[in-house]
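Enquirer: What follows is a single structure, and I will ask about it in a moment.
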Amino acid sequence: MDDALIETDDLSLSRKSLLPGKGFFYPDSLDEAYAERETRAAVEGAETVVVADTDADGLACVALVREARDAALDVAPFEEAIAERLVDATEEDETEDQADEDEEESPVALVPAGPHSLDEALERVAEFLEPGADVVVCDLAANSYDAVAESLERLVGRAESVRWFDHHQWDDDVAEAVRAAGVDLVVGESDEECTADVALRSIDYDFPTHLVDLAAVTRDHDLWEKADPRSDDLADYAHWTSPEEYVTMVGRYGPDLPEPVMTYLADRREEKDALIEYAVGRADLKQVGPWTVGVTYGRCSQNEVAEALREQGADAAVIVKPAGSASIRGTETFERCHEVARQVDGGGHPRAAGCKPGIYDDMLDYAHHWSTEGSAAKRVILAAFERLLDEDEPDGEDDE
């Protein structure tokens, strides 16, 4: 395949907003081989391994663990890299910069993972972990114990200790099984704490003020409180830069990011704002029972799009992405996002959740997805909203 066909940076923003990034087109086998190499390089020789989601919340937890274990990296190389990026404006969209092989490595290793790759990440860590090393899992929930049982039990048998910090909605039976396997699991209230809050109060360490502030501002974004403008800076920075850079910079500066980072964010936001406008412009408002649901499609920042739809009167927002996943956002009038997502192979919080409908069997399905702006995914997710109404009906009472 010609590389130009998947290089979306050369497209107009209107077309770019309809297609996934080029990483989507890489086969999973290549991703798996790459993940195995990177995990091995990070884990071998590490005293502690943190398996974390790579959003601002998960990465804040890594910064806290490194601080508590005196394992933070020097910020100078990352500051130099940021300065170079400001001069050289050829950086790719949705950057996933990888640490150079010659860069310093922390004894607290970071292994990125996501909700759908948790079992594989735990399995890889268990394979390469140094006997007696500690493991911390952050900002990830197990939807079922069976899904992680084998890898988790192997990991517990090899590690000195396994701690798990999270704030998502957990099934009581799953949490009990994880604890019974030998894991120190702490789950915070999903509508009150982010995972950084949970880690902050669970780790026996007197954290400096800037990291206490980091947890608070991370919560402002993760729970979508929107009271502190710095939370958008953290969310964007975590999305646009490498996990190692983010962890190192916020570990040093907390939520008050230095001027070069703010300049970098300002440059990236010109494109971000345009993609938000495209997504908002193609949105529809659907009535599902008592709820007005804003539904749209596009490669965009979902929180800002959801906020714009809320201002238009939406109780909830569904943002379907070109890669097939979707973000579901609520308001004070709809706090059941996690219930919708659970019906569509996802999960999350009352006001913020995500999912990826299992409707893509081959590339023709994806071609239809892109050319129809996610019509099938929209229907599936709206049907999940409708099923909530059915569940709310009293027994024996017919639907209207």
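Enquirer: Kindly indicate whether any position in segment 214-226 is in contact (Cβ under 8 Å) with a residue 40 or more places away in the chain and in contact with a Lys or Arg (Cβ under 8 Å, 6 or more places away or on another chain).
Expert: Yes, the conditions are met somewhere in segment 214-226.
Enquirer: Got at least one residue in segment 307-314 being of a type in the set (Gly, Ala, Ser) and either over 26 Å from TRP240 (Cα atoms) or in contact with a Gly (Cβ under 7 Å, 6 or more places away or on another chain) (or both)?
Expert: Taking every residue of segment 307-314 in turn, at least one turns out to be of a type in the set (Gly, Ala, Ser) and either over 26 Å from TRP240 (Cα atoms) or in contact with a Gly (Cβ under 7 Å, 6 or more places away or on another chain) (or both).
Enquirer: Tell me, yes or no, whether segment 187-197 has at least one residue that is within 26 Å of ALA46 (Cα to Cα) and over 15 Å from the mean Cα position of the chain (by Cα).
Expert: yes
Enquirer: Next question. Look at segment 235-285 and say how many of its residues are more than 21 Å from the chain's Cα centre (by Cα), of a type in the set (Val, Ile, Thr) and either under 16 Å from ARG85 (Cα atoms) or surrounded by fewer than 20 Cβ atoms within 10 Å (Cβ to Cβ) (or both).
Expert: Counting residues in segment 235-285 that are more than 21 Å from the chain's Cα centre (by Cα), of a type in the set (Val, Ile, Thr) and either under 16 Å from ARG85 (Cα atoms) or surrounded by fewer than 20 Cβ atoms within 10 Å (Cβ to Cβ) (or both) gives 1.
Enquirer: Next question. Can you name the number of the only condition in (1) closer than 27 Å to ALA109 by Cβ; (2) touching a Ser or Thr at 6+ places or on another chain (Cβ under 9 Å); (3) assigned to a loop (DSSP other than H, G, I, E, B) that ASP197 fails?
Expert: Failing condition for ASP197: (3).
Enquirer: Of the numbered conditions (1) within 21 Å of PRO131 (Cα to Cα); (2) modelled with pLDDT under 95, GLU84 fails exactly one; give the number of that condition.
Expert: (1)
Enquirer: Another question, then. Can you report the number of residues in segment 290-321 which are farther than 18 Å from TRP224 by Cα and of a type in the set (A, V, I, L, M)?
Expert: So the count comes out to 2.
Enquirer: Taking the residues in segment 203-234 that are within 14 Å of ALA60 (Cβ to Cβ) and of a type in the set (Ser, Thr, Tyr) as candidates, determine which candidate is surrounded by the fewest Cβ atoms within 10 Å (Cβ to Cβ).
Expert: SER231
Enquirer: Filter segment 255-272 down to the residues that are under 30 Å from ARG15 (Cβ atoms) and either in contact (Cβ under 8 Å) with a residue 12 or more places away in the chain or not in a helix (DSSP H, G or I) (or both) and list them by number.
Expert: VAL261, MET262, THR263, TYR264, LEU265, ASP267, ARG268, ARG269, GLU271, LYS272 - these are the residues of segment 255-272 that are under 30 Å from ARG15 (Cβ atoms) and either in contact (Cβ under 8 Å) with a residue 12 or more places away in the chain or not in a helix (DSSP H, G or I) (or both).
Enquirer: A further question on this structure: Cβ contacts < 7 Å: first residue at pLDDT 95 or above, restricted to segment 169-186; second residue in a helix (DSSP H, G or I) and hydroxyl-bearing (Ser, Thr, Tyr), any location; separation 6+ or different chain. Result?
Expert: VAL186/SER202
Enquirer: Just a yes or no: is a residue in segment 122-136 over 19 Å from the mean Cα position of the chain (by Cα), of a type in the set (A, V, I, L, M), farther than 30 Å from THR248 by Cα and part of a helix (DSSP H, G or I)?
Expert: Within segment 122-136, not a single residue is over 19 Å from the mean Cα position of the chain (by Cα), of a type in the set (A, V, I, L, M), farther than 30 Å from THR248 by Cα and part of a helix (DSSP H, G or I).
Enquirer: Same structure again: I'd like to check which helices (runs of 4 or more DSSP H) are fully inside segment 284-400 and have at least 1 residues that are among the aromatic types (Phe, Trp, Tyr).
Expert: 363-371, 375-392
The values are calculated or read from the model by the stated rules, or taken from the named source; none is laboratory data. These numbers come from a predicted model, not from an experiment. Counting neighbours? That spans all protein chains shown, and the Cβs are built from the backbone with ideal geometry, glycine included.
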